[in-house]
Amino acid sequence: MKRKRLNTALNMQFMLLFSRQGKLRLQKWYVPLSDKEKKKITRELVQTVLARKPKMCSFLEWRDLKIVYKRYASLYFCCAIENQDNELITLEIIHRYVELLDKYFGSVCELDIIFNFEKAYFILDEFLLGGEAQETSKKNVLKAIEQADLLQEEAETPRSVLEEIGLT
Amino acid sequence: MPAPIRLRELIRTIRTARTQAEEREMIQKECAAIRSSFREEDNTYRCRNVAKLLYMHMLGYPAHFGQLECLKLIASQKFTDKRIGYLGAMLLLDERQDVHLLMTNCIKNDLNHSTQYVQAWLSAPWAAWAHQRCAETWLGGGGETAENLKLLPEKKGSSVCRPRDQEGARVDGDVPPSHQKPAQREETTVNCLELQWKEILGLNKGRSGSVLHTSVVLLMLSHFRKLVPQLVRILKNLIMSGYSPEHDVSGISDPFLQVRILRLLRILGRSDDDSSEAMNDILAQVATNTETSKNVGNAILYETVLTIMDIKSESGLRVLAINILGRFLLNNDKNIRYVALTSLLKTVQTDHNAVQRHRSTIVDCLKDLDVSIKRRAMELSFALVNGNNIRGMMKELLYFLDSCDPDFKADCASGVFHAAEKYAPSKRWHIDTIMRVLTTAGSYVRDDSVPNLIQLITNSVEMHAYTVQRLYKALLDDISQQPLVQVSSWCIGEYGDLLVSGQCEEEEPIQVTEDEVLDVLEGLLVSNMSSPVTRGYSLTAIMKLSTRFSSINRIKKYDHMRPALLERMPIMEKTATNGPTEIVQTNGEAEPSSLESKTLPPVTQPTSQANDLLDLLGGNDVVPVIQTAPPHKACLCWRRTAGPTGRSLSIRWADPCSSPARVHPHSPAFLLDGPPLTAPLQ
């Protein structure tokens, strides 16, 4: 997982979202790895995090990375950062992402993320870029997503109208 | 062909599956439908199909046949298609596949798309692929993309500016120098950044946070040390500025940006005195003024501490940093305590005195509930032990040893021995500490501690009587902890005469007869709890006592074993250190063949004498072992060949023995990495 990178504020390697039963709900990788490696890492990490007791720290050391995880209701949000990175700010990043999801979906729950996983990705990509927070204003992130959604709707509407009339 | 089902439908259906097999069946059916739909080149539903494919990919099923479809989606003019297409490409492709190269044209075109949002979120895929091979293609290919990068500062829309800058920087950072002319690369980057920086300063009046943010990311080059004063100014403004609801987190303005700037300052000030000096004030200001009631404030403080530690800061600032860490230790939040302990561990070597001030808090953390915190507190405590605080610290550490988890006991015991050896205020204290460890965590003590302890005991000549007495008493209480038993039997064998003579200065001497001592040792020999090595020790001890005790009649019954015991010893190789991994390797395994050839030539019949020895030692277990104790004492080797060589008992043996860890059920598994020792030699 070694990769030469600019020495930026946060070298997040990946973020995983999974349920209490270990089902993956979202995976975002900021390092290039083969599918097989990703699966292996996911499996191992999910097992390790699920084995943690509730009162334990949100940080753990795994391989040569630091893992920062936090549980929100039935979902675990898990980030892997490098050794010189700031764990506490990573917790804030996770929290900010959850807040964005919450604002977008209106009291977000796991089902929202299951059925709208592509939207969850879009929001994540708007907020984090290459593993770092690129837009620190909640408002701007949500505005951008809103606009993109509008564009999407505008593009789709004509088709459905035609369908309704039965012309396609 | 009917319209393919919608994504939501598919998700709902798959979730109703009750078994893995059922789910697999549903997925296979759907994949087949999707494949035929792709074959038909159906433009209308391609987007929907790819979305479904992405869902199935997340569940863990193969989805590679969708890769080309993603490309087709990206090339489409419809916004929805592009969005899903890029998402699919990011999830399904990585730089190792050549398919992504086909996208370059699409991306180039989209960069100039009329809608700024298309451009803006292109940065995500660009980020995903700004790796070596892509970058090679894009930058090497006529430098078009480099041209694009140069155009960036001219684009006014801030949402576009930032991501592309960032990705531009990443591309530059990731491509190995051989693929670019160094001068060209420098020039491109520097130009971009300079222009960008000017623009930022202009925009800064409106506090465009994200643009600031990204430009901060780009400044990670040492050229920009001269900009440190400006960065300091920006940070100051940020802290002093009023409330901005969209950037605010729990009352702190834009903590993400603050952390970024601090990180940048850390990099720029790293080995540079001038820069470090320029930042001293602002660091002190951030350190004292940040609100610490929530995690976010602590995150900023933590970053400040890391920065202070890394740059060439003045000592006052460093002390401030360590005090902050000390305060963290008192925080209710265990995450913060954890982070503090980790950082203190890193700084304890360089700022030892400052960390010492927080010793009592650190020692309190030994009682924490969280396992990782306890471990770090233990490591840190050992690092803080010195001649002045040894007694107090040892008390706490021994108490910790009593109550901690088994995983810790081995490390803690080793640490205690090590610290005691370095800083013991008196020999008696040292012996007492060792006794305490052996009796409370005896079974977790590492194998190599036994010879070390024996060596230590022999060195404290005046304490022999006291030591043997205490060990004897401990043995009477409990014979289950093998290291304790081994050390005790060795000492009794060596100093048994002192024991029965009833002379002890340090404490009340006990009255013990020779018979009682021999009873105890024989008890060890036959006990089920004793490992073969322990039996070896006790047998040797009994033999030794034959020269020290007057009533040797009891010992005569072991005479038949003398020849086997006193076999000529094989060649011993010296072990360089006392580390466990070297113990048996050199002797037992190094040249099994030569050893065998040495002892086998007369093909010997196992005599009844050797058999007795075997029986006593518990049958077919190999009892190997050779170990040289730190200085050069002779070793005892157990062999199972017969062949009397007759050797007078007046030759003293010193026989710290050790054994492969598998003989100790409780000892930690650090072991001997080599193959298990060979079978008996007869």
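Set the Förster radius R0 to 41 Å, insert the Cβ-Cβ distance between B:ASP519 and B:LYS395 as r into 1/(1 + (r/R0)^6), and round the FRET efficiency to 0.05.
0.70
At 7 Å along the Cα-to-beta-carbon direction for both B:GLN230 and B:ARG327, put a label point, then send me their distance in nm to one decimal.
So the label points at B:GLN230 and B:ARG327 sit 3.2 nm apart.
Return the average number of partner chain Cβ atoms within 10 angstrom of each residue Cβ along peptide A:85-98.
Averaged over the peptide's residues, the number is 6.
Which order do peptides B:251-261, B:69-79, A:105-115 fall in by mean Cβ count within 10 Å, highest first?
With the highest mean Cβ count within 10 Å placed first, the list reads B:251-261, B:69-79, A:105-115.
Segment A:46-113: Rg/Rh from Cα coordinates, Kirkwood Rh?
Over the Cα atoms of segment A:46-113, Rg/Rh equals 0.99.
In a solvent-free Debye calculation with one equal scatterer on each Cα, what is log10 I(q)/I(0) for chain A at q = 0.17 Å⁻¹, listed in the order of the q values?
With one equal scatterer per Cα and no solvent, log10 I(q)/I(0) is -1.07.
Calculate the all-directions average of the projected area of segment A:102-146's alpha-carbon convex hull, and give it in nm².
About 3.2 nm², averaged over all directions.
If you look at just the Cα atoms of segment B:317-362, how large are its Rg and its Dmax in Å?
My reading of the Cα-based Rg and Dmax gives 9.5, 27 Å.
Report, to one decimal in Å, the Kirkwood hydrodynamic radius for segment B:233-333 based on all distinct Cα pairs.
With all distinct Cα pairs of segment B:233-333 included, I get 13.7 Å.
With the other protein chains left in place, how much accessible area per residue, in square angstrom, belongs to segment B:255-348 at a 1.4 angstrom probe?
Here the residues of segment B:255-348 average 33 Å² of exposed surface.
Could you rank the peptides A:11-22, A:118-129, A:55-66 by their average count of other C-beta atoms within 10 Å per residue, with the highest value first?
In decreasing order of mean packing, A:11-22, A:118-129, A:55-66 become A:118-129, A:11-22, A:55-66.
Mind giving me the nanometre distance, one decimal, between the label points for B:ASN386 and B:THR547, set 7 Å out from Cα along Cα→Cβ?
Once both label points are built, they end up 4.6 nm from each other.
Run the quick spin-label model on B:MET569 and B:SER426: label points 7 Å from Cα toward the beta carbon, then report their separation in nm to one decimal.
3.6
Buried accessible area between B and A (1.4 Å probe, both chains summed, ligands and nucleic acids excluded), in Å² to the nearest 100?
6500
Taking Cα pairs under 8 Å and at least six residues apart, what relative contact order does segment A:29-134 come out at, in percent?
Averaging sequence separation for qualifying contacts and normalising by length gives 16 percent for segment A:29-134.
Within segment B:467-513, list the chymotrypsin sites (Phe, Trp or Tyr not before Pro) lying in a DSSP loop whose Cβ has at most 12 other Cβ atoms in a 10 Å radius.
When the chymotrypsin sites (Phe, Trp or Tyr not before Pro) of segment B:467-513 are filtered for loop state and at most 12 Cβ neighbours within 10 Å, nothing remains.
Over the whole of A:27-35, what's the average partner chain Cβ count within 10 Å per residue? Rounded to a whole number, please.
Shielding by partners across A:27-35 averages 4.
The values are calculated or read from the model by the stated rules, or taken from the named source; none is laboratory data. Just so it is clear, the model here is predicted, and its values are computed rather than measured. Please note: Cβ atoms are built from the backbone with ideal geometry, for glycine as well, and neighbour counts cover all protein chains shown. When the accessible area is computed, the model is the full protein with side chains, heavy atoms only, and any ligands, DNA or RNA have been set aside. Shrake-Rupley method; radii C 1.70, N 1.55, O 1.52, S 1.80 Å.
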